[in-house]
Amino acid sequence: MSLFTAVELAPRDPILGLNEQFAADTNPQKVNLGVGVYFDENGKLPLLAAVRKAEEALQAEPKARGYLPIDGLPAYDQAVKELVFGKESEPVASGRVATIQALGGTGGLKVGADFLKKLSPDAKVLISNPSWENHRAIFNNAGFEVGTYAYYDAAQRGIDFDALLADLNAAAEKTVVVLHACCHNPTGYDLTPAQWDQVIEVVKARNLTPFLDMAYQGFSQGLAEDGAVVGKFVAAGLEFLVSTSFSKSFSLYGERVGALSVVTASKEEAARVLSQLKIVIRTNYSNPPTHGGAVVAYVLGNPELRALWEQELGEMRTRIKAMRQQLVEGLKAAGVTQDQSFITTQVGMFSYSGLNKDQMVRLRNEFGVYGTDSGRICVAALNSKNVDYVAKAIAQVI
Ligand code: PMP
């Protein structure tokens, strides 16, 4: 009898399982649209020029690798605040935002979840139906009961907004509501500015706790445009949390660069909140790693590199939109008569294709086109060489 006899084999991560299946597929035309990663026109994971230049500059003056402060590199935290809320914004200027460097967007969500669990142990968490699959697990693991609010409506290929509002209206006070700030994963459907206003009204009236997940700032309309949602919560006088990820926007997936910002009522309150966030971090991983934060802080703080980064981010955004357009045209050319224009209404890296599980399995087995069983495909992995093949394959299974 071993100490670990009773340990059960956990189910495989569905996306990683898909990757393994893809790797083993011998179809020369295979296309992996399962992962949430941006690939360039050549199907390669980009190393942004802004990142490379920042790394060269940092390398020119190598630094010893001491521990960072528990809450991360000060220049990084400040740069995140300015990016997320605006440099001149009142909450930043008045010092009432507590920001910590986190291990990617996932880390920001986890630190926030642990902090909220101590603050409101009896609160429930609501995530959208559907949502990024890790949302439920992260908040469950932090000890929360996790429910859903209505979101996707397959019949109208969009958001069931009335049902969403009804669910938020029925939520108990202090319920933590996880909201995708932009580029909803997995559906690609975002709320309109007017709908955000209505959500904010309910959040305020019901005294809910908003937790914005900002994993794709800059991938919908632009950095400032996508950040405007955060500004709406500020303008409404709400206190809330925002997690940030630079995994996609800097193509720095493996460096684990993200953040958590907590908007509080005052500078003094922010200091108390920060002290608690530091305890969460200290007892989990002590302090964040140096490299990714240093690169992002360097780029954001250097006018030339910042402009270069914004240009590169804009190119990623524009290329994804072009791929959406080409996919729609390719589907039409392949004989699909149903209207597929919803693909260009969606934003961000993903498209909920509307295909069912059987169709997704056929795509995989017969054509080597890999998306998730839910019908989600990553349009950021399409390029001009594979888009027609993918369109033809989808046309065959529709
Ligand atoms: N939130 C959402 C909605 C995401 O799609 C992702 C990444 N797939 C994350 C958070 C986590 O990002 P990171 O890889 O930076 O942890």
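Observations on the structure shown:
- GNM result for the chain, Cα springs below 10 Å: residue of 208, 165, 47 fluctuating most strongly: 47
- Ordering of 389-397, 299-307 by packing [mean C-beta count within 10 Å, highest first]: 389-397, 299-307
- Proximal aspartates and glutamates to residue 30, defined as alpha-carbon separation beneath 20 angstrom and excluding residues fewer than eight positions away on the same chain: 20, 40, 41, 358, 366, 373, 388
- Of all beta bridges that DSSP places with both ends in the chain, some 50 percent have antiparallel geometry.
- When you count the other C-beta atoms within 10 angstrom of each residue and take the mean per peptide, 238-246, 377-385, 223-231, 66-74 line up highest first as 238-246, 377-385, 223-231, 66-74.
- Counted over all Cα-Cα pairs of the chain, pairs farther apart than 31 Å make up 40 percent.
- Reachable lysines, given that their alpha-carbon falls under 26 Å from the alpha-carbon of residue 267 and they are not under 8 places away in the same chain: 81, 87, 110, 117, 118, 174, 204, 232, 278
- Residue with peak Gaussian network fluctuation, the chain [Cα springs, cutoff 10 Å], from 124, 63, 30: 63
- Placing a label point 7 Å from the Cα of residue 60 along the Cα-to-Cβ line, the residues of segment 301-343 whose backbone N sits under 18 Å from it are 301-309.
- Centroid-to-centroid, using Cα positions, segment 8-48 and segment 146-189 are 28 Å apart.
Computed from the coordinates by the stated procedures, all read-outs in this text should not be read as laboratory data. Keep in mind that this is a model prediction, so the values were computed, not measured. Ideal geometry is used to build each Cβ from the backbone, glycine not excepted, and the neighbour counts take in all protein chains shown.
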